[in-house]
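Below: one structure, written as structure tokens.
Only the coordinates and a few stated rules stand behind these numbers; no lab work does. What you see is a predicted model, and the numbers here were worked out from it, not measured in a lab. As a convention, Cβ positions derive from the backbone with ideal geometry for all residues, glycine included, and neighbour counts pool all protein chains shown.
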Amino acid sequence: MDTVVQSLLNGALMGCVYALITLGLSLIFGVMNVVNFAHGDFVMLSMYFAFFIGSMWGVDAVFTPAITFPLLFIVGVVAYYAIIDGTLRQKYVTQIAVTVGLMTFLRAITQLMWKAQPRALPYSLIQGSIHIAGYNIMLSRLISAVVSILAIGGVSLFLSKTWPGRAIRAASDDLDAASLVGVNYRWTYALAFGLGSALTAIAGGLLMTFQQVDPTMGVRFGLLSWCVLALAGLGSIPGLLISGIIVGAAESLSMALWDPRARSLIVYLIFILVLWVRPRGLFGRK
Amino acid sequence: MSSKPILQVSNLTKRFGNLVAVNNVTLQIHEGEIVGLIGPNGAGKTTFFNTITGLYTPDEGRVIFKGEDITGVPPHKICKLGMSRTFQVTKAFTEMTVEETVRVGAYNRHGEDDVMEKVDEVISFCGLEEIRHQKCGDLGLASLRRVELARAMATEPDLLLLDEAGAGLTAAELAELMEILRQLNKEQSVTLCVVEHVMQMVMGLCERIFVLDAGELIAEGTPEEISNNPRVIEAYLGERAIR
Ligand SMILES: Nc1ncnc2c1ncn2[C@@H]1O[C@H](COP(=O)(O)OP(=O)(O)OP(=O)(O)O)[C@@H](O)[C@H]1O
Ligand SMILES: [Mg+2]
């Protein structure tokens with residue numbers, strides 16, 4: 001019983017970070033209907049950037065998003081104008097090819113720069129654990145979860161209360177109507193792509209406080225975020241958080257009770273089940 | 001009435017494969033006018049709107065708006081220049097409230113500091129106070145059409161295109177809509193171009209009427225001239241005979 005609760009706790013905390021990653025993916029998919037296969041690799045790239053900054057200047061991983069957030073925003077905007085913008089009116093296959101290409105490119109670049117072996121930063125400030133009712137909670141994971149939730153809340157406020165946020169929502173609701181009342185779609189798309197990518201910088205910094213990074217990690221985060229998005233459906237930010245927690249908990253539970261190698265299996269299983277039984281997700285609008 | 005042209009369309013053609021949806025249309029709309037654009041189903045009215053508002057690029061021809069060539073210019077820029085529209089099949093922002101929807105339009109000319117003044121003004125002008133906090137996705141057709149009108153008005157256009165704004169409205173709702181449009185034209189000197197099947201509305205509202213049939217402009221004139229024009233009668237009767 002103890003192992004069950006303990007692993008549920010760990011997984012749920014991790015799930016908050018998954019939800020943050022997925023929010024970025026969901027922004028990009030929800031607004032411009034682009035299936036970004038490279039999203040997981042943006043997480044991986046963010047983790048390497050955090051590693052680079054952390055090891056160069058001795059900055060603690062938690063603080064690296066101060067630099068990597070704007071950096072990833074720029075990477076996202078550049079990626080949008082360089083490769084996504086031209087494919088928007090083309091066949092779906094072209095878009096897929098382009099984002100898969102970006103994914104391969106990012107992986108190759110990181111491999112070239114940092115080799116294939118895993119990299120990690122020295123212990124973060126937020127190490128150690130706290131004990132509550134006999135359970136052990138890693139401080140780094142707890143803080144990661146809290147920061148993720150705060151970031152999700154921040155994005156939610158940005159979308160609902162600001163002019164660019166409203167423009168993003170209007171464009172994702174009806175592009176033609178939004179354009180004809182003055183919303184510049186390319187600008188809005190670039191912003192959404194930039195923001196969606198920048199969110200992985202926060203996740204990347206948090207992950208580096210307790211995890212190492214290697215160039216193949218992108219796939220794992222990519223699939224995880226697609227699974228969380230499928231489970232949540234489009235349009236509900238609280239739903240995204242809940243789904244992230246469910247996926248995180250399921251993953252961690254299957255590792256504890258069954259086999260550590262089964263973690264992806266369970267995630268895939270959820271993914272397939274949801275697409276089969278409830279394609280619009282648990283909280284999706286249509 | 002001034003006769004300064006606000007919109008000059010020359011030789012406009014839009015094709016979909018073999019189908020010529022808009023065929024070599026030339027027309028002018030003057031500042032301050034209310035003009036109507038009518039024609040049987042599939043005549044190309046909506047396509048004409050889509051082509052001049054930048055949603056489609058024309059295959060041939062030019063569109064000059066307020067002296068500026070806007071052929072091939074993207075919709076948001078055309079909106080900034082002062083043209084907006086409503087849609088035949090309503091395109092509301094389903095996840096937003098009425099107030100937010102209007103606000104998105106109002107950002108066209110206003111910053112965060114004074115945007116709400118504009119929103120309040122338009123909402124009261126269009127009589128939307130009671131539903132201002134409702135989600136557009138939950139509204140009925142009559143309200144949706146009015147929200148679309150408010151959203152377009154909030155961008156402060158000089159030329160407003162209305163695609164069947166009266167379709168599906170009751171007689172009372174129609175009268176209200178016509179009153180709003182008349183006021184908009186008189187008080188805020190917005191030039192209006194209405195596509196309409198509801199003849200009562202076209203005849204009651206418009207000073208000049210254009211008739212499209214199978215993509216071609218077949219007639220133009222005052223409501224009386226149009227209702228007595230043999231080609232127009234034929235286009236409509238022909239359509240009825242086919243049905
Ligand atoms: N995107 C499109 N692709 C192909 N054909 C189209 C497209 N849009 C319109 N058409 C065709 O162009 C012609 C004109 O259509 P349009 O919608 O402009 O007519 P309309 O005058 O607005 O008709 P209605 O009164 O029914 O609204 C029709 O034959 C229609 O089938
Ligand atoms: Mg039409």
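Using R0 = 45 Å, the C-beta based FRET efficiency linking A:I74 and B:Q183 works out to 0.40.
The long axis of helix A:163-173 is offset from the longest Cα principal axis of chain A by roughly 80 degrees.
Test of understanding: in a Gaussian network model of chain B with alpha carbons linked when under 10 Å, which of B:E164, B:E216, B:E225 would top the mean-square fluctuation ranking? So, out of B:E164, B:E216, B:E225, the one fluctuating most is B:E225. Largest mean-square fluctuation among A:R261, A:R141, A:R166, in a Gaussian network model of chain A whose springs join Cα atoms under 10 Å apart, belongs to A:R261. For chain A, report the % of Cα-Cα distances exceeding 30 Å. So the portion of pairs separated by more than 30 Å is 27 percent. Placing R0 at 56 angstrom, the Cβ-Cβ distance between A:Q6 and A:D176 gives a FRET efficiency of 0.60 after rounding to 0.05. When each of A:T94, B:T46 is scored by the number of other beta-carbon atoms lying within 10 Å, the sequence from fewest to most is A:T94, B:T46.
Using the Cβ of A:V34 as centre and a radius below 14 Å, the other residues enclosed give a net charge of +2, where K and R count +1 and D and E count -1. Treating each Cα of the protein assembly as shown as one equal point scatterer and applying the Debye formula with no solvent, the log10 of I(q)/I(0) at q = 0.09, 0.12 Å⁻¹ comes out as -0.74, -1.06. The modelled label-to-label distance for the pair B:Y236/A:H131, using points 7 Å beyond Cα in the direction of Cβ, is 8.9 nm.
For segment B:92-156, averaging the sequence separation of C-alpha pairs within contact (under 8 Å, six or more residues apart) and dividing by the residue count gives a relative contact order of 54 percent. Helices in chain A, meaning DSSP H runs of at least 4 residues, each add -39500 (n - 2.57). Divided by all residues, the mean residue ellipticity at 222 nm is -24000 deg cm²/dmol. Placing unit charges on the Cβ atoms only, positive for Lys and Arg and negative for Asp and Glu, gives chain A a dipole magnitude near 380 debye about its Cα centre. For a test of the definition: using alpha carbon positions, the gyration tensor, and the 1.5 limit on a/c, classify segment B:128-205 as rounded, prolate or oblate. Note, shape of segment B:128-205 comes out oblate. log10 I(q)/I(0), Debye, Cα-only segment B:92-156, no solvent, q = 0.15, 0.23, 0.28 Å⁻¹? Per q value, in the given order, log10 I(q)/I(0) is -0.36, -0.84, -1.22. With both labels modelled 7 Å from their Cα along Cα-to-Cβ, the B:M199 to B:N24 distance reads 3.0 nm. Placing +1 on the Cβ of every Lys and Arg and -1 on the Cβ of every Asp and Glu, with no other charges, gives segment B:92-156 a dipole of roughly 340 debye about its Cα centre.
The residues packed around A:T110, meaning those with a beta-carbon under 11 Å from its beta-carbon, carry a net charge of +1 if Lys and Arg are +1 and Asp and Glu are -1.
Between helix A:39-57 and chain A there is an angle of about 60 degrees, using the helix long axis and the longest principal axis of the Cα atoms.
Positive end of the dipole of the protein assembly as shown (Cβ unit charges, origin at the Cα centre): among B:G32, A:A230, A:I152, the Cα lying farthest that way belongs to A:A230.
Starting from the Cα of B:K91, draw a straight line to each of the aspartates and glutamates and keep only those under 20 Å, dropping any in the same chain fewer than 8 residues away. Within reach: A:D173, A:D174, A:D176, B:E99, B:E100, B:D138, B:E148, B:E156, B:D163, B:E164, B:E173, B:E196. Of all DSSP beta bridges confined to chain B, the antiparallel ones make up roughly 55%. Compute the angle between helix B:171-187 and the longest alpha-carbon principal axis of chain B, please, reported from 0 to 90 degrees and rounded to the nearest 10. Between helix and principal axis, roughly 80 degrees. Residues A:W226, A:W258 in ascending order of nearby Cβ atoms (within 10 Å, fewest first): A:W258, A:W226. Summing charges over neighbours of B:G61, with a neighbour being any other residue whose Cβ is under 14 Å away from its Cβ, gives -1 when K and R count +1 and D and E count -1. Each residue of chain B gets 132 Å³ once the volume of the Cα convex hull is shared out per residue. Fewest neighbouring Cβ atoms within 10 Å first, the residues A:M208, B:M153, B:M116, A:M103 line up as B:M116, A:M103, B:M153, A:M208. Between segment A:208-237 and segment A:36-51, the alpha-carbon centres lie 10 Å apart. Could you work out how far the C-alpha centroid of segment B:138-201 sits from that of segment B:18-60, in angstrom? Cα centroid to Cα centroid, the span is 18 Å.
If R0 is taken as 51 Å, the Cβ-Cβ distance between B:E121 and A:A82 corresponds to a FRET efficiency of 0.75. The smallest convex shape that holds all Cα atoms of segment A:146-236, its convex hull, gives 115 Å³ per residue.
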